[in-house]
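One structure is given below, encoded as structure tokens.
The values are calculated or read from the model by the stated rules, or taken from the named source; none is laboratory data. Please read all numbers here as calculations on a predicted model, not as lab measurements. A quick note on method: Cβ atoms are made from the backbone with ideal geometry, for glycine too, and the neighbour counts reach across all protein chains shown. Note: accessible area is taken over every heavy atom of the protein model, side chains too, but ligands, DNA and RNA are not part of it. Shrake-Rupley method; radii C 1.70, N 1.55, O 1.52, S 1.80 Å.
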Amino acid sequence: MTETFRLSTPFTARTTAAEILDGVDLTGRRMIVTGGASGIGTETVRALAGAGAEVTVATRAPARAEPLVAEFAGRVHAAALDLADLTSVDAFLAGWDGPLHALVANAGVMAIPARQLTAEGWELQLATNYLGHFALVRGLHPHLRAAGSARVVLVSSGAHLREAFDFDDPQFERQPYDTWAAYGRSKTAEVLLAVGIARRWGGDGITANALNPGFITTNLQRHMDDETLRAFGAMDEAGNRIEQPYYKTAAQGAATSVLLAASPLVEGVTGRYFDDNQEADVVAGGPEATGGVAAHAVDPAAADRLWEYAEAVLAGRR
């Protein structure tokens, strides 16, 4: 029996994305960051481009990326991508040419208060956080393979700990919609996508890992009402936003994404989950879990089943 060792790095929860790449030269590397025009996505782009990579910001509103494009003239580009719209995903894929060294699947939505459906009839959180990224990754597979050594990074969340993927009713068609269950399940799906890629594409020189960026005040919380923000300790009774001591800056929140996308310290590492720049322990998961990666999110059988489910959904078989 082969023993698996948990990988550790010299970095901490307070290390910034730029510090991760101190001394690393990414000249000649081509990368995509979804949702790269705001929040930790912007800091991910900034660190990668600052180290010499050519980075495409894939975003629903390319105009929002103009400051980054201007800051890194010639190295940062913007392209339209709406992960909840397969037509948009197809258009983005049609516009990509040549090898791809890293894809950071950073875009996402959280806490959609009521069940919303995309044009394809998919529940919005699952569509944006998982199914759209699955379609994108699958379409980019030839370009990742062409790079010779490529990485896929899935930005998940600690919310995955509380929710295994529901294969019986993934779209909330029969059970009452639950805001946080939908979010948690979509984030579990992202971790399982990393496991699925590791199981299928390792022979192509492609690695895939998932991560929890931690608590950061970003536009991701835009759907949370005041009561929920107070419950999270993110707002006081007067309506002022609060950043608890454990909150990170956007540059710190982007660090683990950058570690997995470009650091030589994780070369060849695949199918794993990282938190605060360290590989996480596998835990049971459930309502009381506060850290680590849930066993249900790294289960190879579940990863294979979810891959098959996603392929069926994209083929229109639901």
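Starting from the 7 Å offset along Cα-to-Cβ, what nm value, one decimal, do you get for the label separation of VAL24 and LEU117?
The answer from the label model is 4.3 nm.
With a cut-off of at most 13 other beta carbons within 10 Å, and DSSP calling the residue loop, which GluC sites (Glu not before Pro) in the stretch 253-318 qualify? Please list them. Kindly include the intermediate steps, with their values, before the conclusion.
Details: sites: GLU267, GLU279, GLU288, GLU308, GLU311; in loops: GLU267, GLU288.
Sparse-neighbourhood loop GluC sites (Glu not before Pro): GLU267, GLU288.
Just to be sure I understand: of the beta bridges DSSP finds with both ends in the stretch 17-311, what percent are antiparallel, rounded to 5?
Numbers: 4 of 34 bridges.
Around 10 percent of the beta bridges assigned by DSSP in the stretch 17-311 are antiparallel ones.
With an 8 Å cut-off on Cα pairs and a minimum separation of 6 or more residues, tell me the relative contact order of the stretch 54-133 in percent.
Values: 87 pairs, mean separation 21.3, N = 80.
About 27 percent, as a whole number.
Before rounding to the nearest 500, sum -39500 (n - 2.57) across all DSSP H runs of length at least 4 in the chain and divide by the residue total; then give [θ] at 222 nm in deg cm²/dmol.
Values: 10 runs with 103 residues, N = 318.
It lands at -9500 deg cm²/dmol.
For the stretch 50-119, what is the accessible area per residue in Å² when the probe is 1.4 Å?
On a per-residue basis, the stretch 50-119 sits at 44 Å².
Rank ALA297, ALA111, ALA127 by mean-square fluctuation in a GNM of the chain with C-alpha springs under 10 angstrom and give only the top-ranked residue.
Top of the fluctuation ranking is ALA111.
Given contacts defined as C-alpha pairs under 8 Å and at least six residues apart, what's the relative contact order of the stretch 17-311, whole-number percent?
Details: 623 pairs, mean separation 58.5, N = 295.
Relative CO of the stretch 17-311 lands at 20 percent.
Give me the percent relative contact order of the stretch 140-217, please, defined on Cα pairs under 8 angstrom at least 6 residues apart. Spell out each step's value before the answer.
On the way: 99 pairs, mean separation 37.1, N = 78.
The normalised contact order for the stretch 140-217 reaches 48 percent.
For the pair GLU308 and ALA79, how long in nm is the line joining their label points, each one 7 Å along Cα→Cβ?
It is 3.2 nm.
Tell me the label only: which of (i) 22.3; (ii) 19.5; (iii) 23.3 is Kirkwood radius over Cα pairs in Å as calculated from this structure?
The value computed from this structure is option (ii).
Roughly to the nearest percent, how much of the accessible area of the chain is carbon and sulfur, given a 1.4 Å probe?
Values: 6590 of 13350 Å².
After summing per-atom areas, the C and S share lands at 49 percent.
Around VAL283, which amide H atoms from residues at least 5 apart in sequence, or from another chain, sit under 5 Å from its own amide H, with H modelled in the peptide plane?
The answer is VAL293, ALA294, ALA295.
Please check: in the Gaussian network model of the chain (C-alpha springs, under 10 Å), which one of PRO113, PRO287, PRO213 has the largest mean-square fluctuation.
Among PRO113, PRO287, PRO213, the largest GNM mean-square fluctuation belongs to PRO287.
Explain nothing, just compute: Karplus ³J(HN,Hα) = 6.51 cos²θ - 1.76 cosθ + 1.60, θ = phi - 60°, for every residue of the stretch 280-291 in order, whole Hz, x for Gly and Pro.
Per-residue couplings from phi come out as 8, 6, 7, 10, 5, x, x, x, 8, 5, 10, x Hz.
Under the 0.36 nm per residue contour assumption, what length would be gained going from the current alpha-carbon distance of VAL283 and LEU7 to full extension? Numbers along the way, then the final one.
Working: separation 276, 0.36 × 276 = 99.36 nm, distance 1.60 nm.
Going from the current span to full extension adds 97.8 nm.
Distance from the Cα centre of the stretch 1-55 to that of the stretch 143-206, in angstrom?
Between the Cα centre of the stretch 1-55 and that of the stretch 143-206, the gap is 20 Å.
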